[in-house]
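The values are calculated or read from the model by the stated rules, or taken from the named source; none is laboratory data. Just so you know, these numbers come straight off a predicted model, no measurement behind them. Here the Cβ is made from the backbone with ideal geometry for all residues, glycine too, and neighbour counts use every protein chain on show.
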């Protein structure tokens, strides 16, 4: 198996957000600022990497009838660790992310990678897949949050990037702005993919 291919597929070709359209709930909810997006990226990457390693290690011991339940227990363990860590060391970020960190338990990106990949491959392949998908998720959230924060607040990571002449587009930090930016970026990804295939 080509480990590099497994690593990079999630960046663009199988981007979990813009191509497979998974994990849209946290993507739309937390991308009103880059800081929130980074917190969610870190939490998802930790959970995805940790659960992929464990699922890959135990895949031959888990009966087929209880594999999904087992995966969810493994994922929930890592989600609890991430949630409690954020609450203890980054309480403001934890409050800003609200229920979306605990909801990683049912995030289709996480459970989907366990079912489709980690449960069928070795540890090294699963690590590369998890890292690649985490980077792809990160690319999506950074793109969305950058557009939304700059246009919605005139800042990037809280730093002023547009002059006093700029009037923030309040809609960009609201749910409607999230849907608009998401739709535009999905269209962009599809247009580029079609151009390269053609």
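So which pairs qualify, if the first residue must be in the range 153-169 and closer than 20 Å to residue 37 by Cα, the second must be at pLDDT 90 or above and assigned to a strand (DSSP E or B), the Cβ gap must be under 8 Å, and the two must be at least 6 apart or on different chains? That search, which allows pairs on different chains as well, returns 154/160; 161/155.
Scan the range 112-126 for residues that are surrounded by 19 or more Cβ atoms within 10 Å (Cβ to Cβ) and either modelled with pLDDT under 90 or in a helix (DSSP H, G or I) (or both) and the total you get is 6. Just one of the numbered conditions (1) touching a strand residue (DSSP E or B) at 6+ places or on another chain (Cβ under 9 Å); (2) surrounded by 15 or more Cβ atoms within 10 Å (Cβ to Cβ) is not true of residue 161: (2). Of the residues making up the range 1-18, those that are under 14 Å from the mean Cα position of the chain (by Cα) and either within 21 Å of residue 127 (Cα to Cα) or surrounded by fewer than 17 Cβ atoms within 10 Å (Cβ to Cβ) (or both) are 10, 11, 12, 14, 15, 16, 17. I need a count of the residues in the range 1-31 that are more than 30 Å from residue 96 (Cα to Cα) and not in a loop (DSSP other than H, G, I, E, B). Count: 6.
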